[in-house]
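Note sheet for the following structure.
Since every read-out is calculated from the coordinates, none of them should be taken as a lab result. Source: prediction; values computed, not measured. When we count neighbours, we look across all protein chains shown, and the Cβ atoms used for this are built from the backbone with ideal geometry, even at glycine.
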Amino acid sequence: MRDRIASLRQHVLARHLLLALVGLLVVVVVVESVSDYRNTQLASMAYLGIAAGGLTVLTGINGQLSLGHGALMAIGAYTSALLLPDRDASVPLTLVVLAATAVTLVVGAVVGLAAARLHGPYLAGATLALAVAVPGIALYFKETFGGEQGIRVVMPDIPVWVLDAVFFVTGQDLTRSRFTAYIGWLTLIVVFVLLANLSAGRTGRRWRAVRDDEVSAELAGIDLGRARVSAFMVSAAAAGAAGAILAFTVKLAAPSAFTLTLSLTLLAAIVLGGLGSLAGALIGAALLTFLPSVVTDAGRSAGLSDIQAAELAPLVYGLVMVLVILLAPTGIVGSLRSAALRGRARRRTTSPTTTPKGTAA
């Protein structure tokens with residue numbers, strides 16, 4: 001039995017690594033074939049996808065509602081900004097991302113322990129207080145965190161070996177926007193592989209058991225508090241990594257970037273894509289990143305002024321949100337899965353039955 005479980009785990013890991021490799025190849029092709037502006041959008045999609053992936057683990061798999069993930073991203077962003085004060089900073093970007101993840105993980109553990117006994121709207125209220133408090137802390141300690149102006153993030157020079165490696169593979173010089181997009185998507189791929197393996201393993205089964213039926217989970221020997229805290233810590237760590245990528249992308253860590261709107265945006269992303277699905281989190285992040293610019297460009301092409309085109313984007317975004325909730329209540333990915341299952345069931349019921357030879361019909 002143990003050998004079978006170990007074999008299944010290896011199969012799941014191999015499948016996730018294969019998907020990660022395919023995703024990496026797609027990222028290289030896309031990043032190298034689009035403009036610097038699109039690469040900036042891709043970097044934005046990456047940090048939204050990372051944070052949404054962590055939130056979908058917390059909300060979709062473990063059943064905890066958080067309205068404070070924008071604040072957790074702020075912790076990761078400010079940690080990165082403090083480690084990159086100028087261009088001469090010798091801290092590698094990999095260590096910066098790891099440091100932002102670790103600091104946010106510690107904060108997530110503290111918040112998770114405090115909120116372990118809270119459920120539903122009470123947990124949402126506690127995390128809402130976190131979303132309001134963290135930007136205020138940055139304003140109160142102006143000397144350290146720069147106040148309303150924030151801290152400027154100065155990206156170090158791209159390492160020579162990275163420039164040579166990218167030129168060898170792609171035949172093109174690496175610009176800063178493409179470099180940032182690569183960092184964001186490499187981080188997203190690593191985070192998604194880790195989240196996918198956790199969700200598919202024993203830890204994920206415990207999270208789902210707590211979400212589905214707390215009494216049954218407790219009777220099965222699952223520590224409810226430990227399961228909730230571990231899910232919150234994992235989700236917070238993903239938000240910290242996303243905050244670091246956000247700081248690299250916008251080159252600034254300021255309180256105005258981490259308002260309650262960001263937390264609600266992340267929640268909207270996982271609802272649109274489908275709760276409990278990492279693919280859904282990525283689809284939701286893509287919609288939130290590209291839909292406003294596509295609608296704005298379409299408005300300008302239709303003869304609207306810049307102001308009117310910009311005002312059209314929130315309207316279309318709201319309509320899309322309402323339509324998805326009405327027509328696809330399980331999100332885009334959930335609806336596609338349901339349609340596929342219905343199609344399989346229909347084919348099974350309509351396929352002709354065969355009778356063995358030598359028997360009466």
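Numbers below:
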| quantity | calculated |
| --- | --- |
| Within a Gaussian network of the chain (alpha carbon springs, distance under 10 Å), most fluctuating of Arg342, Arg206, Arg228 | Arg342 |
| Neighbour-count order for Leu95, Leu198, fewest beta carbons within 10 angstrom listed first | Leu95, Leu198 |
| Where a label projected 7 Å from the Cα of Lys251 along Cα→Cβ would reach, residues of the stretch 5-47 with amide N under 16 Å | 36-41, 43-44 |
| Mean Kyte hydropathy of 0.0 or more with a Cα span along the axis of at least 24 Å, helices from DSSP in the chain | 2-33, 36-56, 93-115, 120-140, 176-200, 224-250, 278-301, 306-327 |
| Among Met73, Met155, Met233, residue whose mean-square fluctuation peaks in a GNM of the chain (springs only between Cα atoms under 10 Å) | Met155 |
| Computed over the chain: relative contact order in percent, which uses C-alpha pairs under 8 Å that are six or more apart | 30 percent |
| FRET efficiency estimate (nearest 0.05) - Cβ-Cβ, Asp212 to Leu264, R0 22 angstrom | 0.25 |
| Placed amide H near Leu67: partners under 5 Å, 5+ positions off or other chain | Thr127, Leu128 |
| Which of Leu327, Leu287 has the fewest Cβ neighbours within 10 Å, and the rest in rising order | Leu327, Leu287 |
| Hydrodynamic radius of the chain per Kirkwood, over alpha carbon pairs, in Å | 22.1 Å |
| Taking the C-alpha atoms of the stretch 278-318, convex hull volume expressed per residue in Å³ | 51 Å³ |
| For the chain, built as a Gaussian network whose Cα springs stay under 10 Å, the top-fluctuating residue of Leu65, Leu194, Leu25 | Leu25 |
| Other-chain or far-sequence residues with amide H under 5 Å of Leu252's (modelled H) | Val153 |
| Selection from Gly60, Leu84, Val30 lying farthest towards where the dipole of the stretch 1-149 points positive, charges on Cβ | Gly60 |
| The stretch 126-201 shape via C-alpha gyration tensor axes, a/c threshold 1.5 | oblate |
| Stretchable slack from Ala109 to Leu95, in nm (0.36 nm times residue separation minus alpha-carbon distance) | 3.0 nm |
| Approximate spin-label separation Arg342-Arg226, in nm, with each point projected 7 Å along Cα-to-Cβ | 4.3 nm |
| Sorted by Cβ neighbour density within 10 Å, fewest at the top, the residues Leu18, Leu105 | Leu18, Leu105 |
| Helix-only [θ]222 nm of the chain, DSSP H runs n ≥ 4, -39500 (n - 2.57) each, per residue, nearest 500 | -26000 deg cm²/dmol |
| Cβ-placed point charges (K, R +1; D, E -1), dipole of the stretch 8-348 about Cα centre in debye, nearest 20 | 1440 debye |
| Dipole magnitude (debye, nearest 20) for the stretch 147-288, charges at Cβ of Lys, Arg, Asp, Glu | 80 debye |
| Computed E for Arg15/Gln149 - FRET, C-beta separation, R0 41 angstrom, nearest 0.05 | 0.30 |
| Rg in Å to one decimal, and Dmax rounded to a whole Å, for the stretch 1-155 via C-alpha atoms | 19.1, 59 |
| Once the Cα gyration tensor of the stretch 146-276 is diagonalised, semi-axes √(5λ) in Å | 36, 21, 12 |
